[in-house]
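The values are calculated or read from the model by the stated rules, or taken from the named source; none is laboratory data. Worth saying up front: this structure is predicted, and the values here are computed from it rather than measured. All Cβ positions, glycine included, derive from the backbone under ideal geometry; neighbour counts span all protein chains shown. Just so you know, the surface numbers come from the protein's heavy atoms only, side chains and all, with ligands and any DNA or RNA stripped out. Shrake-Rupley method; radii C 1.70, N 1.55, O 1.52, S 1.80 Å.
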Amino acid sequence: MFIQTETTPNPDSLKFLPGVTVFEGGVVSFQRGEDVSRSPLANRLFGIDGIETVFLTPDYITLTKNSEIDWIHLKPAALATIMEHFIANLPVVIQEGQEPINSVVSYDLSDPIIKQIVEIIDTRVRPAVAQDGGDITFDHFVDGVVYVRMAGACAGCPSSTATLKAGMENMLRYYVPEVTEVRAL
């Protein structure tokens with residue numbers, strides 16, 4: 001098994017591409033200290049001192065580390081852990097009757113403004129953000145402000161503010177005049 005890695009705009013995050021389907025259930029993020037019993041892979045990765053976040057998608061894994069530790073010390077252990085996990089054909093996430101891992105925020109797609117905002121985010125913004133090892137999803141829209149959730153390499157990334165303001169906010173304001181601002185939750 002050959003696992004590729006890619007840097008992200010967030011110096012504390014690294015994207016791992018194992019070349020196999022990682023997680024068919026969409027995307028899910030785990031933080032150090034949370035209950036990770038439903039993800040054997042996240043549990044193993046948190047066994048590596050310095051890994052703070054495990055972000056799983058269908059195609060890749062993004063790990064975010066403690067800023068005080070260098071990737072040169074963590075990357076070999078992360079690669080070995082991911083490789084061993086997939087070679088052993090162990091489950092990535094176990095759902096065992098729980099509610100879906102990606103609890104979908106309910107919003108009204110019959111509202112044409114919300115529908116247009118969600119469509120722009122899903123078709124233009126999310127693919128670009130995914131290339132950088134992260135994810136961004138619509139949460140809600142109130143008084144001209146679009147609220148989004150960022151995950152993976154985007155959460156806590158120094159350039160995420162630029163992504164929101166210079167990129168996404170300008171695009172949404174151009175296509176949806178009712179939008180005045182974009183804020184991350």
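Would you work out what percent of the accessible area of the chain, with all protein chains in place, is carbon or sulfur (probe 1.4 Å)? Percent of accessible area from carbon and sulfur atoms in the chain: 50. Taking a probe of 1.4 Å, how large is the accessible area per residue of the chain, in Å²? Heavy-atom SASA per residue in the chain reads 53 Å². Excluding THR62 itself, calculate the net charge of residues whose Cβ lies under 10 Å from the Cβ of THR62, where each Lys or Arg counts +1 and each Asp or Glu counts -1. Result for the neighbourhood of THR62: -2.
Helical content of the chain, expressed as a calculated mean residue ellipticity at 222 nm, amounts to -6500 deg cm²/dmol (DSSP H runs of 4 or more residues, -39,500 (n - 2.57) each, divided by residue number, nearest 500). Other residues within the sphere of radius under 11 Å centred on the Cβ of LEU90, judged by their own Cβ, net out at 0 (K and R +1, D and E -1).
In this simple spin-label model, placing a label point 7 Å from the Cα along the Cα-to-Cβ direction at both MET83 and THR161 gives a separation of 4.0 nm. So what's the angle, to the nearest 10 degrees on a 0 to 90 scale, between helix 71-87 and the longest Cα principal axis of the chain? Approximately 80 degrees, to the nearest ten. For the chain, the C-alpha radius of gyration divided by 2.2 N^0.38 Å, with N the number of residues, is 1.08. Of the residues TYR107, PRO76, PHE30, the one whose Cα sits farthest toward the positive end of the charge dipole of the range 1-123, with +1 on the Cβ of Lys and Arg and -1 on the Cβ of Asp and Glu, is PRO76. By the Kirkwood approach, averaging reciprocal distances over each pair of separate Cα atoms, the range 1-82 gets a hydrodynamic radius of 12.7 Å. For LYS65, the lysines whose Cα falls under 16 Å of its own Cα, not counting residues fewer than eight places away in the same chain, are LYS15, LYS75. Highest mean packing first, where packing is the average number of other Cβ atoms within 10 Å per residue, the peptides 46-56, 77-87 line up as 46-56, 77-87.
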